[in-house]
Amino acid sequence: MYAYDELDRTIINERVTEFRDQVKRRLSGELTEDEFKMLRLQNGVYLQLHAYMFRVAIPYGTLSTKQLRALAHVARRYDRGYGHFTTRQNIQFNWIKLAELPDALADLAEVGIHAMQTSGNNTRNVTSDQWAGVAPGEVEDPRIWSELLRQYTTLHPEFSFLPRKFKFAITASDHDRAAIKVHDIGLRLYKNAEGETGFEVLVGGGLGRTPFIGKTIKPFVHGHDLLSYVEAILRVYNQYGRRDNIYKARIKILVHELGIDKFAQEVEEEWLQMRDSALAIDDAVIEDIRSRFSYPTYEKLPHMPDELKKAAHDPHFEAWRKNSVFPHKVPGYAIVTLSLKPVGGPPGDATADQMDAIADLAEKYSFGEIRVGHEQNLALPHVARRDLPVLWKALDKIGVATPNVNLVSDIIACPGLDYCSLANARSIPIAQELTRRFANHETANMIGRLHVNISGCINACGHHHVGHIGILGVEKNGEEFYQITIGGRADEKAEVGTLIGPAVPYGEVADVVEDIVEAYLALRERPDELFIDAVKRLGVEPFRERVYATR
Amino acid sequence: MTSPLEQKKIRITGPSVVTANRTWDGIVIYRTARQGWSAELSDAAIVRTSDEARALLTESVADDVGAIGAYIAPVEVKDSGAIKPGNLREHIRLQGVTIDLPVPA
C-alpha cells in the first residue's frame, strides 16, 4: 500500500470543499449547467440515462481494506448498494444524487480516495498491472512509477485542458496484464542489455471509434528521464492535437496522421530542451515514493502445506485453485483472483455487502490489500497458500469464487444501454446470456482461455476491439444489432480484431458466439491450441463460414 | 439507439415529448404542458410538429436550474390515450434497467 502524505490529504480535502461550493452554486442557479459541466466532469460526475454516475479513482488498482469499506459505505449510503468496477481500475456508482455528492466525496477523502480526473480532457487515472509488486519475474513494482506519474499529472495546469482525455498504463512484466498497447502512453519497465532499468515508451494506442495499437516511440528511457519525456509527448500533443473534431482529437489520430517517425522527431526536439530541467528526477524522489509503499512481512512458508494437500481431494476446491490461484514471487504465497463474473450476473459489479466481506477477508488473509484488474475482477495479492482452502470457502459463500477467470464467461462488458447515455445497444444482458450458455465449468475449461469483450457503442469502453471475441452493439432502424470481431487481444501481442461479417440481431448473439466456439473446437490442432492462436493460424474465414452458412 | 446527444436538427416525425434529468438528483423527468416537470410520462406535454417541439425544447432548456440535458424523445400515443416510450432507450429510462439489479430496489 502507498501511504499518502499531508500534501496529498490537503489536496483531496480542498478539492471536496471546492466541489461542495460548486455544487451549492449549481443547485442555487448561480452556475449554469454549461458552466458546471466541466467542473463536475473533472470530479468524475457524468449524467447517464437514469441518474448521475460517479466514477471514483483507484490509482493503479490498489485498495486498502479501509478504502474498500468506504466504497461499500458510499454504495450503501448514497447509491443502491452496489458499484461497478471498470476497465480502467476505477469504480462507478450509477444512482448518485448531485446534492449528496459532496458528502460522498468527503467520506471517501477520509480514506484518501477521490474522483479527480476520472473524466474530462485531462490525464486520467494511471493504471497498472493488478499483480504489481507480487508477480514472479517482475523487474520492479511498476506502481512506484505509476505513483510518480499520478503525482505529476494530478492537477497539472498545462495538461488539465488537453484536446481530449489521456490515459497512461504501466507494466513491469513480460506478460502485459495492463493492456499498455491500447493506451495513449504505454510504459513497459524492463532491463536492457546493459542491465539498466528503464522504459519502453509506446504512444498512440487506443480503442474507440478508430482503434490503434500503440507504437514504440522510444525503446529505452531511463527512469530519471521519464517525466521530461512524457511531458515532451504531452506538449507536442497539446500543441498539435486536434480540437476541432472530437472524433479526431485523441493522440492516436495525431500519431497516425503525422506518422510515428515525425511525431517522435517532434517529441525528441521538445525533450532535448527540457531533459535536464527540474523534470529530471532525482533518485531521492523515487526512493521517497518507494519508501511510502509498504510491503508485507512474509513468513517462510511451504509451497505445499498440509491444508492444501488435504483440500486437493475436493474437486470444487481444486477447480477453483487451478483456475483462480496464481504464482506469487514469494514461495508459500499466492495471488488469488476474485471473479466478479458469476453466472447470470452483470460483469464487474460488486454489492456493498460483498465489498465489506472482501475487505474482511483481505484483512485476514491478504495483509489488508485488494487489487482491481482491468478485466473487472478483484485480486487478493498476498495469500498464504495454507489459507487457500478456508479463503475459498469464504469467497464462495459471497459469490466471488466462480472458477471462470480467463475463460469464456469471464466477460468484459461496459454498462451499455441499460445505464449509459452514449450506448446504442445493451451489453450486460448479452454477457449474462453468454455466462449462462457457458456455465458448465468442464466445458469452459475444455475451451480454454478465451476473452469475450462487449461494448454497447463505438466508444469501446468494453474493449471489444481487443477481445478474442469482440461484440459491438450498433443500432439499425431502431433495433439492437451486434458486430462480431475475432482475433483481438490486449496483451503484449496486442491486435485489433477482424470483423467476421454483417451484424446480427440481439437474440442471435449468444448463438453466434457458440458457433464460433464450436468452429474453434473442431478446427484446433490440439487441445492446448488457444482460441486466439487458432484464429491467428486460420484467419477469420472458417469462422465466418460457420456463422453465416445458416444465416 | 442513436444517442439523442447527437441530436443536431429538430425534426420530428411523430408524437414526441421533452425529457431531461432533474438537476439535484438526476432522475428522469418530462416537460409538462404547465411549464413544469413530472417524473410521470403520462403527465408529459405531447408535441406533434417540429415547430411545437422546438418551442417546448426552448422553454425546457430555459429551466437550467430544474433540469439538465433536455432533449426531444419520440413516444407512442395509444388509442386509449396512454403514452408509451417510442424506443428502447426511452423505455429503459422510464422503466429502469432491463436486468435484475445486484441489490433489489
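The values are calculated or read from the model by the stated rules, or taken from the named source; none is laboratory data. Predicted model only: the values in this text are computed from it and were never measured. Cβ atoms come from the backbone with ideal geometry, glycine included; neighbour counts cover every protein chain shown.
Failed condition for A:TYR78, given (1) touching a residue at least 40 places away in the same chain (Cβ under 8 Å); (2) touching a strand residue (DSSP E or B) at 6+ places or on another chain (Cβ under 8 Å), with all others met?
(1)
Which of the numbered conditions does B:GLU76 fail, given that it passes all the others? Conditions: (1) farther than 30 Å from A:ASP349 by Cβ; (2) crowded, with 17+ Cβ neighbours inside 10 Å; (3) touching a residue at least 40 places away in the same chain (Cβ under 8 Å).
Failed condition: (2).
When the residues of the stretch A:35-47 are narrowed to those that are over 28 Å from A:GLN130 (Cα atoms) and surrounded by fewer than 22 Cβ atoms within 10 Å (Cβ to Cβ), which ends up nearest to the other protein chains (Cβ to nearest Cβ)?
The residue in question is A:LEU47.
Return the residue satisfying two criteria in turn: it lies in the stretch B:19-38 and is hydrophobic (A, V, I, L, M, F, W, C) and more than 21 Å from A:CYS420 (Cβ to Cβ), and of such residues it is surrounded by the most Cβ atoms within 10 Å (Cβ to Cβ).
B:TRP37
Show the residue pairs meeting these rules: Cβ distance below 9 Å; 6+ apart or different chains; first residue within the stretch A:419-444 and at the interface with chain B (Cβ under 8 Å from one of its Cβ atoms); second residue in a helix (DSSP H, G or I) and hydroxyl-bearing (Ser, Thr, Tyr).
Listed pairs, sorted by first residue: A:ALA425/A:TYR506; A:ARG426/A:TYR506; A:PRO429/A:TYR506.
For the stretch B:88-105, what are the residues that are of a type in the set (D, E, K, R) and more than 23 Å from the chain's Cα centre (by Cα)?
Residue satisfying the conditions is B:ASP100 alone.
Looking at the structure I just gave you, is A:ALA384 out of contact with any Cys (no Cβ under 6 Å at 6 or more places or on another chain), surrounded by fewer than 24 Cβ atoms within 10 Å (Cβ to Cβ), touching a residue at least 40 places away in the same chain (Cβ under 8 Å) and among the small types (Gly, Ala, Ser)?
yes
Every residue, every condition in (1) farther than 28 Å from A:GLU138 by Cα; (2) surrounded by fewer than 20 Cβ atoms within 10 Å (Cβ to Cβ), yes or no:
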| position | (1), (2) |
| --- | --- |
| A:LEU189 | no, no |
| A:GLU200 | no, yes |
| A:PHE212 | no, no |
| A:THR216 | no, yes |
| A:LEU227 | no, no |
| A:VAL255 | yes, no |
| A:GLU270 | yes, yes |
| A:MET274 | yes, yes |
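With in a helix (DSSP H, G or I) and away from chain B (no Cβ under 11 Å) as the only criterion, which of A:THR87, A:THR10 stands out?
When all the criteria are applied, what remains is A:THR10.
Just for strands (runs of 3 or more DSSP E) wholly inside the stretch B:1-85: which have at least 2 residues that are away from chain A (no Cβ under 14 Å) and farther than 29 Å from A:ASP79 by Cα?
Correct list: empty, since no element meets the threshold.
Looking only at residues in the stretch A:460-486 that are touching a Ser or Thr at 6+ places or on another chain (Cβ under 7 Å) and among the β-branched types (Val, Ile, Thr), which one is surrounded by the most Cβ atoms within 10 Å (Cβ to Cβ)?
Applying the filter and picking the extreme gives A:ILE486.
Quick one: would you say A:TYR247 is in a helix (DSSP H, G or I), in the same structural domain as A:LYS181 (by TED's automatic domain parsing) and closer than 21 Å to A:TYR190 by Cα?
Judged against the criteria, A:TYR247 is not a match.
Of the residues that make up the stretch A:95-109, is at least one in contact with a Lys or Arg (Cβ under 8 Å, 6 or more places away or on another chain), outside any helix (DSSP H, G or I), modelled with pLDDT of 95 or more and not aromatic (Phe, Trp, Tyr)?
There is no residue in the stretch A:95-109 that is in contact with a Lys or Arg (Cβ under 8 Å, 6 or more places away or on another chain), outside any helix (DSSP H, G or I), modelled with pLDDT of 95 or more and not aromatic (Phe, Trp, Tyr).
Please verify whether the stretch A:328-335 includes one or more residues that are touching a residue at least 40 places away in the same chain (Cβ under 8 Å), surrounded by fewer than 12 Cβ atoms within 10 Å (Cβ to Cβ) and within 28 Å of A:PRO59 (Cα to Cα).
no
Return the only residue of A:GLY133, A:GLY195, A:GLY186 being at positive phi and without any contact (Cβ under 8 Å) to a residue 40 or more places away in the chain.
A:GLY195
Just the residues that are assigned to a loop (DSSP other than H, G, I, E, B), of a type in the set (Ser, Thr, Tyr) and surrounded by fewer than 24 Cβ atoms within 10 Å (Cβ to Cβ), please, taken from the stretch A:116-152.
Passing the criteria: only A:SER119.
Name the residue that is nearest to A:ALA132 (Cα to Cα), counting only residues in the stretch A:61-84 that are among the hydrophobic types (A, V, I, L, M, F, W, C) and away from chain B (no Cβ under 12 Å).
The residue in question is A:LEU63.
Hey, does the stretch A:348-365 have a residue that's buried (at least 24 other Cβ atoms within 10 Å of the Cβ), touching a Lys or Arg at 6+ places or on another chain (Cβ under 9 Å), modelled with pLDDT of 95 or more and of a type outside the set (A, V, I, L, M)?
Yes: the stretch A:348-365 contains one or more residues that are buried (at least 24 other Cβ atoms within 10 Å of the Cβ), touching a Lys or Arg at 6+ places or on another chain (Cβ under 9 Å), modelled with pLDDT of 95 or more and of a type outside the set (A, V, I, L, M).
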